[in-house]
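Asks: Provided herewith is a single structure, encoded as structure tokens, for subsequent inquiry.
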Amino acid sequence: MSTGADQAAGTLSGHLTVRPSDRIIAGGERIQTRILIVEDDPIDRDILLRKLARSRFMEADCICADTLDDATAKLRAGAFDFVILDFWVKGTSTLPLLDLISREYTAVVPISVTSIDFTDVQGLGLSYGALGYLHKSDLTVSALDAVLRTGMAQRDRRAVA
């Protein structure tokens, strides 16, 4: 039987459904989500997919993009719950994509990830609309779950306000 981690390991770009292995989740059922992953590094993309496959609260249908143009086209073509985006993609900042999401796709939860160690990068991402931030060195299943859940709660509070 193939697990989500096995499925994630075999696909580095394109379309992938990430399913956690069969286990009971305390506190409720897994939610179904659709995630756009904007990451140009295949190793980092694979790590994200593997972590999402082990999520304790969601089953994710992941679509991957490795350029801003591809990410924008996929965002416009489909409905997503989350966009997880690297701060730098192909040498270009993803701030314009964060800005687009915060203006035109308010139901989408954008989460910024980076390996850059400058606090300004976190502040920039949040000021351009990221509802969560995670440094790649802190990327664990629990940390990713927490950031995604917090981002969902912030989006929901914003919608009510």
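Asks: Is it true that ASP156 is in a helix (DSSP H, G or I), open to solvent by less than 70 Å² (accessible area, probe 1.4 Å) and closer than 21 Å to ARG34 by Cβ?
Replies: No.
Asks: Related question: Return yes when LEU144 is assigned to a helix (DSSP H, G or I) and closer than 24 Å to VAL160 by Cα and no when it is not.
Replies: It is false that LEU144 is assigned to a helix (DSSP H, G or I) and closer than 24 Å to VAL160 by Cα.
Asks: Can you pull out the residues in region 50-95 that are in a helix (DSSP H, G or I), closer than 24 Å to ASP145 by Cβ and either modelled with pLDDT of 95 or more or in contact with an Asp or Glu (Cβ under 7 Å, 6 or more places away or on another chain) (or both)?
Replies: Once the filter is applied, which keeps residues that are in a helix (DSSP H, G or I), closer than 24 Å to ASP145 by Cβ and either modelled with pLDDT of 95 or more or in contact with an Asp or Glu (Cβ under 7 Å, 6 or more places away or on another chain) (or both), region 50-95 yields ALA71, LYS74, LEU75.
Asks: Oh, and also: Mind counting the residues in region 32-81 that are open to solvent by 60 Å² or more (accessible area, probe 1.4 Å), more than 15 Å from ILE111 (Cβ to Cβ) and among the aliphatic types (A, V, I, L, M)?
Replies: So the answer is 3.
Asks: Starting from region 126-137, keep only residues that are closer than 12 Å to THR94 by Cα and in contact (Cβ under 8 Å) with a residue 60 or more places away in the chain, then list their pairs with residues that are outside any loop (DSSP other than H, G, I, E, B) and basic (Lys, Arg) whose Cβ atoms are within a distance under 9 Å, requiring at least 6 positions of separation or different chains.
Replies: Nothing qualifies.
Asks: Looking at region 137-152 only, could you name the residues that are closer than 17 Å to ILE31 by Cβ and open to solvent by less than 40 Å² (accessible area, probe 1.4 Å)? Show your work before the answer.
Replies: Quick first cut of region 137-152, residues closer than 17 Å to ILE31 by Cβ only: 141-142, 144-152.
If the condition is that a residue be closer than 17 Å to ILE31 by Cβ and open to solvent by less than 40 Å² (accessible area, probe 1.4 Å), then VAL141, LEU144, ASP145, VAL147, LEU148, GLY151 are the ones that fit.
Asks: Would it be correct to say that GLY91 is at positive phi and not polar (S, T, N, Q)?
Replies: yes
Asks: Now for a different question. How many of the residues in region 41-99 are among the acidic types (Asp, Glu) and over 20 Å from ARG155 (Cβ atoms)?
Replies: So the count comes out to 7.
Asks: Quick test for you: out of VAL108, VAL113, pick the one residue that is surrounded by 14 or more Cβ atoms within 10 Å (Cβ to Cβ), within 21 Å of ARG54 (Cβ to Cβ) and β-branched (Val, Ile, Thr).
Replies: VAL113
The values are calculated or read from the model by the stated rules, or taken from the named source; none is laboratory data. Everything quoted here is computed from the prediction, not taken from an experiment. Every residue, glycine among them, receives a Cβ derived from its backbone with ideal geometry; neighbour counts consider all protein chains shown. Heads up: the accessible areas ignore ligands, DNA and RNA and are worked out on the full protein's heavy atoms, side chains in. Shrake-Rupley method; radii C 1.70, N 1.55, O 1.52, S 1.80 Å.
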